[in-house]
Structures are given as C-alpha cells and as structure tokens.
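Remarks on the structure that follows.
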Amino acid sequence: MANLPTEIWLQIFSSSHEFRPSDLCNISRSCKHLSPIARSILYRSINLRSEIGNDSTMYTLRLLARDLHLASLVSKLSLQRFAQSSQSKFPSLINVDVFKNMNNLRNLELTGSVFMGEKESVKDEVIEVLFDQIGVQELKVFTDSSNGLGLSSAQLMQFMGLRSLLWNGFAMDDSVFDSIWTLLSSSSCTLESISLPFPVGSRPIMNHFFDFHFPNLHSLTLGIWHDGGFLPSSFSHFLLAHSSTLTHLDLDSDTDQLILYSSLTPNLSRASLPQLRYLRANIECVRVMMTIEGGPMHFFSTSLTKLVISPGFVDFVRLNAKIMFSQFQISLETDRGGGSGTYTGTGNTEGTFSVLRELNFDLSPWNEVHRSDIIEIMYQLGVLCGSSLEVWLGTLPSRVQFSPKELAGLFGKFRKLRVIHLWKSFQINLFEKNKDDEIVDREKEYVGEFVLELEGSCPKLEEVYIHFGDDLLFDFVVEQGSEYSDVAIRLVRT
C-alpha cells in the first residue's frame, strides 16, 4: 500500500475519522514515504499555546522559522497566551520569521494577550507581513478587557482586507469595543461575515454597531443584545440596509430574557432579506417574521434551507408557537382569497416551507404536562416543512417519555427525512432481569426499536444518531431493501 499515489493517501488521511493528530504524528515518524504526506495534513492547522515549560511549542516555532516548505502548508494558525501576574514568564509566540514563511496563512486565531510585551517595531513588522504581504482573510479574537491583544488602534487599523471577523470575550469594556470598531472600520468594504456573540446591554454600543454599513455582508451573528428586553429600532434599519446580501442570520437568546423583536415590524416587509438561507432566533423573532404585514416573510418559502429555534421559557415558547401557527394560518387564508383575514379553518399550510432542509427546534425544557402541545407542534411543523425537510436536529424533552411508536408518530409527516439526530432524552429502561434473574443491558435492543419505528414512519430515512450531551452514543445506518429484510440497521457504539 505504500506505493499508492500521494493523492490517494492525502484523501485517506484527510477524510477518515480514524486518523487523529497523534496517529499522523506516529506515521510521520515511522514511515519515510508517508512522512511528508502526513505532515502536510498535520501542519494545515497549528495550535500554539504559551506555557511555562512547554518545549513543544518553542520547538514548533523554531521548526517553522527554518522550514519554509512546512510553514507554507499552514493555512490556519491559533495562538494562545494568557496574562498572569508576571507576563514575562510566559514565552513569546511572536516570531517574525515564522510569519514570513507562512505564505498561505488565511485564518488567524488570537486568544489572550498574544502581543503583550512585544516591541512596537516587532508588532508593526508582523502586522505588515500578515496583512500587506500574506493577506490574512479570517480573524478570530478571544480576549477580555484586562489587557486585550496588546495592540494600539493605529496597529489595528492595519488589519485590512478581512473577509471574516469573530470577536468574543467575557468582561467587555469601552476599550475593547474601540478595538472592535477599529477592525470593523478598516475592513468595512471587504467583510462578509461578522460574529459578535457576547452579550450587550448598552443602547449606545448597539446603535454604534448598527450605524455601520458593510456592502458585502453575508453572515451576521450577535449575542444577547437588548436594553430592558428590547432591541433598538436601529437594528431593523441595519437589517434593511443589508437585506439584499444577508444569507445567514444568527440571533442568540437565553431562557432568562424574553427579548422582544417588535423593532422588526415598523421597517421590514415580507420581501425583506430575500437571500436568507439560515436563521437562528428565539420563538418570538420567528413568530414576528412569520406574521409581518399579515403574513410570513417570503424567504420562508423561497430561500430558507436551515432554521434553528432557540429554547426559552416553556410557557413563553408554547404560547408563541400556538399564536404563530394560528396567525400564520389566518394570513394564508387571507392571501389565498379569504379577504377578511379571519381564519375559517380551510386554509392549507401544507408544504409552505417548501425549501427548508434542516430544522432544529429545541424542546428540551418541556415536561410531561406539555405532551399534547409537543405533539401538536411537531404535527404543525410536519405540515409546514414535511414535504422538504431532510435533517432533524431538534432536542426532545428529557422529562417526557415516548414509546418507540409514539416517537415515530412525531415524525410521521416528515416524508423526506433522511437524517435524525436525537439526544438521549427519552426515558428508557436500560437494564432488566432475564428469566434467570440476571441483570441484562438491553439498551442496544431498545434503542434499535426506536430506529425501526422511525424507519417505518420516514420512508427516506438513512441515518439516526443518538447523542448524550456532546457525546455520540449510537450511530445507525438504515439500509433500505436489504436482501434479508426490509430494513437492516448497522450500529456503531462510540
């Protein structure tokens, strides 16, 4: 096999989940023929952390400084350096020769006070190399107000030509926002993606950001931004100004704030955001967008392929969901000739979300008393997008027990569903005693029953994933038309 072409080995090492970085390291050390292939994959993404006594980081920096070919393989670089009581104890990660050799670097991630303590001339030279010579396009910054990056506003102004910016931190103060505004200003004409996922409660700060204009903006991610439960009206003006370019809108929310999106309605119309393909928001925002000017915004049926509805207070979500579906049916009846705007019970919402391919509706906070509401919401969702939906990523409540048949019934109207992700939230009896009074683990068998029932309800089903927290417990591959049975299930326990 060692004689396989390099392109084949690259494909094997890159696409297989079986090869961890440690495996590629071992291969690079043990096989002369495969070593350059493995290293070319290993060095695509480099993560360097400044720590006292971390010799491997210093070795990697020296290696990249002298090996032009190896450094030129790096397309993503992550630097982590955290301020402590004595910053000088932490080794520097800034090596001008390293950056000069990384002529294919496109993605730069900075965590902590990476430039703190460096000479100003060194900072200027590194910035010139990164943005004038190499042309870094994606920048991610993770830092707070304590020291920031260790760069002045004049130096940040040289971060030009960025296409993607993510800035996140915990203790944000005015100096940090000044740095963010500087970066946004210097790349305002080139930025396509902006992600600011931290909370903001200051109306002046929100208004400052919403006054920006980015002619090429495609993706916007905001954290929990509100003042007393409200977003300023400048938010809808910002959306309207970027309506023709936005394809990805991610609006965070939490279960402790009932953020009201009433500022959307005065300025947006049903024709706004015509290119939107991804939306993440809480239930009220979705409800408002589905009932603007008496009907849903057009992107729901023309361009939206992925929808994520964030969790919230159960009663708040339940009430808004009911209002949303009710108002939506009324608006459809009006659109289709009802005229009066009064729902007569004859409106047809079947397949209204005709292009939606992936849905994530988080129902995890719900409990047993809401069983009928859960069933009704799943039915309504099936009516709206059952004819197009291919991937379900929603979380079912851990305090509501569904039998295999009941679970399958929830997905009964999703006729094109290929992939279902379920979190192990349904209550199952993992152990039972057999006739010899021995404890038997029947988890695999019981979960398999769920999958078989799901396959019966969803004729296009191919994969079912059972998760527990962030871990994947089961991976089922449903093989249609097996010679031994109508459906064969291959299970891999991870």
Open item on the list: Looking at residue 236 and the list (1) assigned to a helix (DSSP H, G or I); (2) at pLDDT 95 or above, which single condition is not satisfied?
Closed with: (2)
- [ ] State whether one or more residues within the stretch 244-259 are among the small types (Gly, Ala, Ser), crowded, with 18+ Cβ neighbours inside 10 Å, part of a loop (DSSP other than H, G, I, E, B) and at pLDDT below 85.
- [x] yes
Open item on the list: Are there strands (runs of 3 or more DSSP E) fully within the stretch 70-146 with at least 1 residues that are of a type in the set (Val, Ile, Thr) and either more than 16 Å from residue 156 (Cβ to Cβ) or modelled with pLDDT of 90 or more (or both)? List them.
Closed with: 107-112, 138-142
TODO: Return yes when residue 190 is over 27 Å from residue 310 (Cα atoms), over 23 Å from the mean Cα position of the chain (by Cα) and either surrounded by 15 or more Cβ atoms within 10 Å (Cβ to Cβ) or aromatic (Phe, Trp, Tyr) (or both) and no when it is not.
DONE: no
Task: Options 159, 170: the member that is assigned to a loop (DSSP other than H, G, I, E, B), of a type in the set (Phe, Trp, Tyr), out of contact with any Cys (no Cβ under 8 Å at 6 or more places or on another chain) and surrounded by fewer than 18 Cβ atoms within 10 Å (Cβ to Cβ) - done: 170
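The values are calculated or read from the model by the stated rules, or taken from the named source; none is laboratory data. Since this is a predicted model, take the numbers as computed values, not measurements. Please note: Cβ atoms are built from the backbone with ideal geometry, for glycine as well, and neighbour counts cover all protein chains shown.
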